[in-house]
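The values are calculated or read from the model by the stated rules, or taken from the named source; none is laboratory data. Keep in mind it's a predicted model, so treat the numbers as computed, not measured. Cβ placement follows ideal geometry from the backbone for every residue including glycine, while neighbour counts extend to all protein chains displayed.
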Amino acid sequence: MAEAALADDLADEGEGKKTAPEKSKKKLFLYGGAGLGVLLLLIGGYFMFFSGGKPADKVEVVKLVYFDLPEMTVNLAATSERPQYLRVKVTLEMADSKTQDAVKTAMPRVVDAFQVHLRELRAVDLEGSAGLYRLREELMRRINVAITPAKIRAVLFKEVVVQ
């Protein structure tokens, strides 16, 4: 019996020795990771405080230019016996007056591009916000082609009436 008790004591001591180094390694990694995290936070705070905290000297204000196109009334592509009409009032949004000059110079091309596209539409094509979004994108694409190399920023609808 004494031998069994001695063997158990040796086994307990052996197990205790194995777990003690594992616990110290875990603590080392835990403290090392926490220390590394604190160090990274301090370095990041230093760079943010001393390098990026200065206000900008000049703030550039973008002044947009708006240009109203003439009101357009066109026949829509008829699917029934009754003709349907579309009346559109459009405003163009531009970055500068140079683009406005380009639009004025190319006005016959712009109106022609709009008329050709609008006459191809049906009333169904203009239903809902998705229809107007597609129309806006297509008109913007066509006007940018007509006034190349200048570009407009947006086509804004003042009035869209389908009768």
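Please pick out the residue among 73, 79 that is polar (S, T, N, Q), surrounded by 10 or more Cβ atoms within 10 Å (Cβ to Cβ) and at pLDDT below 75.
79
How many residues are farther than 25 Å from residue 81 by Cα and either touching a Phe, Trp or Tyr at 6+ places or on another chain (Cβ under 6 Å) or in contact (Cβ under 8 Å) with a residue 24 or more places away in the chain (or both) when one looks only at the stretch 113-141?
The number of residues fulfilling the criteria is 2.
Is it true that some residue in the stretch 98-106 is under 19 Å from residue 157 (Cβ atoms), among the aliphatic types (A, V, I, L, M) and surrounded by 12 or more Cβ atoms within 10 Å (Cβ to Cβ)?
Yes, some residue in the stretch 98-106 is under 19 Å from residue 157 (Cβ atoms), among the aliphatic types (A, V, I, L, M) and surrounded by 12 or more Cβ atoms within 10 Å (Cβ to Cβ).
Taking only the stretch 127-163 into account, find how many residues are polar (S, T, N, Q) and under 18 Å from residue 70 (Cα atoms).
Adding up the residues that qualify gives 1.
Just for the stretch 84-100: of the residues that are among the aliphatic types (A, V, I, L, M) and assigned to a strand (DSSP E or B), which one is nearest to the chain's Cα centre (by Cα)?
Per the criteria, the residue is 94.
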